[in-house]
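Quick notes on the structure that follows.
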């Protein structure tokens, strides 16, 4: 099978891929235009997330840790509990809220705040959800072994981090509702704050 290469100096149908050739070969008459328009509207009705994407409006941004053990629990919370399927964006980095506020991870802070600013501009979010999790290596690296040595100490460390996170968001973006929680080892989200 020969590969077709596009040569901008020779924009003929013969040097384009088959999908582009097919599209260009068909005239865009009124019936085809109407058919494409109705298909687009139908897709928007069938997939509400696409309609939100087209409008630039989403309910939330989710901040999660990079730990793959908690991906499903975070998604279940956003889709099952909050009912925001295809209606939120996501930002993941080590520690979730810890990565945004811990002094030892200061080099990461601006990246998070810049991303949140862009998310507000592009997606017009109303809610910011931060879900930390138990048995978090980033929590231990940022705050020390004693901060996570027992379940009680671990909960208190996350409670303080999430309170600091909410306060920082409140200073920078007071229009946002901030929802914070801690995902347990079995996937249950405990709301903190």
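Readers should treat all values here as calculations from the given coordinates under stated rules, not as data from a laboratory. These numbers come from a predicted model, not from an experiment. When we count neighbours, we look across all protein chains shown, and the Cβ atoms used for this are built from the backbone with ideal geometry, even at glycine.
Evaluate E = 1/(1 + (r/R0)^6) for residue 66 and residue 152, where r is the Cβ-Cβ distance and R0 equals 41 Å; express this FRET efficiency to the nearest 0.05.
0.95
Any chance you could get the radius of gyration and Dmax over the Cα atoms of the range 137-178, in Å?
Calculated on Cα positions, Rg and Dmax stand at 12.4, 36 Å.
Note the full-extension length gain between residue 173 and residue 106 as 0.36 nm times their separation in residues minus their Cα-Cα distance, in nm to one decimal.
Answer, rounded to one decimal: 22.2 nm.
Give me 156, 59 sorted ascending by neighbouring Cβ count inside 10 Å, so fewest comes first.
Arranged by neighbour count, lowest to highest, 156, 59 become 156, 59.
Please work out how much length the chain gains when fully extended from residue 57 to residue 76, using 0.36 nm per residue of separation minus the C-alpha to C-alpha distance, in nm with one decimal.
4.7 nm
Just to confirm my numbers, what's the Cα centroid distance between the range 173-190 and the range 76-125 in Å?
11 Å
In Å, what Kirkwood hydrodynamic radius results for the range 56-191 from the alpha-carbon pair distances?
Computed over the range 56-191, the radius equals 14.8 Å.
Kirkwood Rh over alpha-carbon pairs of the range 56-95, then Stokes-Einstein at 20 °C and 1.002 mPa s: what D in µm² s⁻¹, rounded to an integer?
Roughly 206 µm²/s, to the nearest whole number.
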